[in-house]
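Written out below as structure tokens is the structure these notes cover.
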Amino acid sequence: MTNSLHPHGFQRSPLPPAQEPAPEGRTARHDTAKDRPAPAAPPGGQRPKQRDAFFDNAKYLAIVLVAMGHSWEPLTDHSRTAEALYMTVYTFHMPAFILISGYFSRSFDMRPDRLKRLITGVVVPYVLFETAYTFFKRWADDDPTYDFSLLDPWYLTWFLVALFVWRMTTPIWKLVRWPVPLSLAIATLAAVSPDIGDDLDLQRVLQFLPFFVIGLHMKPEHFQLVRRRSVRILSVPAFACALAVAYWAGPRMNSAWFYHRDSVQELGAPPWTGPLMTMAMFSCSLLLVACFFAWVPRRRMWFTALGAGTLYGYLLHGFLAKGSRFWGWFDAYPWLYKPLGEIAVTVIAAVVVTALCTPPVQRVFRWSMEPKMTWAFRKDPAEQDRHRHRATARA
């Protein structure tokens, strides 16, 4: 886990939106300036950007589940319960992130300011954190020969690559007639194509693609459908069934199916299972994503503001998640494999990733997550004209 998942308006989120939605309960008005009173200009002359609490809540809860899933991974060999929880969460947490990323990419085009934001919010963090992760692995894992390559994303940085590719192909998905079936066909072909290789983690990019495309074509009323009381009630037995199935399938199924980073042949399955597994995994993920959204609070909560900093939590917690394995923390403390230890690991993961999403952490690492880099881009004459017109209108 993709945005993004940034996965903007930062405080930036891990799934960078091209445009924030209007606050819940408000509708767009196509009135003219003469039909409405002039709004009072806030200090600084800029209108503050409105954020939808529902999506910030969803992003925060999803990143907490990502961190919990990573903390459960070492426990899955010793605890069937941990393995069931791990498989269930991995079924929907990244699809949920990716779907939100697609939803906020609906207005993306090749306008210069949006391309700049894509570069500074996705490409630059990818280069910086891929470099940082490489040196971290060399040091923490005592592996000085580990090669640095921007073509081979390590651990969490695959999501930034995927987000860049998905965003750049957005105009295509807005143009074709049947975007979701086409994206599913591409995902299926990728699942049976072992020769794709590991460059840019294209298997994941292509196999997760349908969730981004679905998000691109969703509307606010679609989210309203899954937030109805009846859906919330039905989501409880749906999650219970998912946990039961995961508990049964744990010893019988390779959890690598949920990573979408390998073809079916690389997972030891015959090619004909590719279409079946693609559709089965896609259907299960979409169902649990809907159940997850059904229980996301729609009002402001104590953690709502943290939803704007989930890219920070996503990328930074990877050092601790991998470091705990490199340094043998779980083997050094056998009690962590006991029920109370598993609960403690879960709580620690949630607390750590929450802390990494807070404004102080954002201020420290903003230079790497959302650099302005005005020196790197030519000034856009059209954008300068827009600023002049806004200044004139305010005056």
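Before moving on, here are some points about what is shown:
- Criterion applied to Ala280, Ala244, Ala256 was being loosely packed, with under 14 Cβ neighbours inside 10 Å, modelled with pLDDT under 90, among the aliphatic types (A, V, I, L, M) and in a helix (DSSP H, G or I), and the one residue passing it is Ala256.
- Some residue of the range 208-219 being of a type in the set (A, V, I, L, M, F, W, C), over 22 Å from the mean Cα position of the chain (by Cα) and at pLDDT below 95: no
- Residues satisfying the stated conditions in the range 328-338, i.e. in a helix (DSSP H, G or I) and either crowded, with 16+ Cβ neighbours inside 10 Å or among the aromatic types (Phe, Trp, Tyr) (or both): Trp329, Phe330, Trp335, Leu336, Tyr337
- Of the residues making up the range 249-297, those that are within 12 Å of Tyr90 (Cβ to Cβ), hydrophobic (A, V, I, L, M, F, W, C) and under 20 Å from the mean Cα position of the chain (by Cα) number 6.
- Scanning the range 143-152 turns up no residue that is under 17 Å from Leu316 (Cα atoms) and of a type outside the set (Lys, Arg).
- Residue match in the range 341-349 (condition: surrounded by 15 or more Cβ atoms within 10 Å (Cβ to Cβ) and within 22 Å of Ala132 (Cβ to Cβ)): yes
Table: residues versus (1) touching a helix residue (DSSP H, G or I) at 6+ places or on another chain (Cβ under 6 Å); (2) within 30 Å of Met110 (Cα to Cα).
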| site | (1), (2) |
| --- | --- |
| Asp331 | no, no |
| Pro334 | no, no |
| Leu340 | no, no |
| Ile343 | no, no |
| Ala350 | yes, no |
| Arg366 | no, yes |
| Met369 | yes, yes |
| Thr374 | no, yes |
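- Entirely in the range 160-227, the helices (runs of 4 or more DSSP H) that have 3 or more residues that are surrounded by 22 or more Cβ atoms within 10 Å (Cβ to Cβ): 179-191, 202-207, 209-216
- Qualifying residue in the range 225-232 (condition: hydrophobic (A, V, I, L, M, F, W, C), under 25 Å from the mean Cα position of the chain (by Cα) and farther than 20 Å from Phe293 by Cα): no
- Flag if Arg261 is among the charged types (D, E, K, R) and either in contact with a helix residue (DSSP H, G or I) (Cβ under 7 Å, 6 or more places away or on another chain) or closer than 22 Å to Val180 by Cα (or both): yes
- Look at the range 133-161: where a residue is more than 13 Å from Phe326 (Cβ to Cβ) and a partner is assigned to a loop (DSSP other than H, G, I, E, B) and among the small types (Gly, Ala, Ser), sitting 6+ places away or on another chain with Cβ atoms under 7 Å, you get Phe159/Ser4.
- From Ala242, Ala269, Ala280, Ala332, residue being closer than 19 Å to Leu61 by Cβ and not β-branched (Val, Ile, Thr): Ala242
- Residue in the range 76-123 that is surrounded by the fewest Cβ atoms within 10 Å (Cβ to Cβ), counting only those that are more than 20 Å from Ser235 (Cβ to Cβ), among the polar types (S, T, N, Q) and within 15 Å of the chain's Cα centre (by Cα): Ser105
- The range 107-136 - residue that is in contact with a Phe, Trp or Tyr (Cβ under 7 Å, 6 or more places away or on another chain) and among the aromatic types (Phe, Trp, Tyr) and, of those, nearest to Phe148 (Cα to Cα): Tyr133
- Taking the numbered list (1) of a type in the set (Val, Ile, Thr); (2) closer than 24 Å to Gly318 by Cβ; (3) under 19 Å from the mean Cα position of the chain (by Cα) in turn, Thr169 passes all entries but (2).
The values are calculated or read from the model by the stated rules, or taken from the named source; none is laboratory data. None of the values given here were measured: they were computed from a predicted structure. We place every Cβ from the backbone using ideal geometry, glycine too, and count neighbours over all the protein chains shown.
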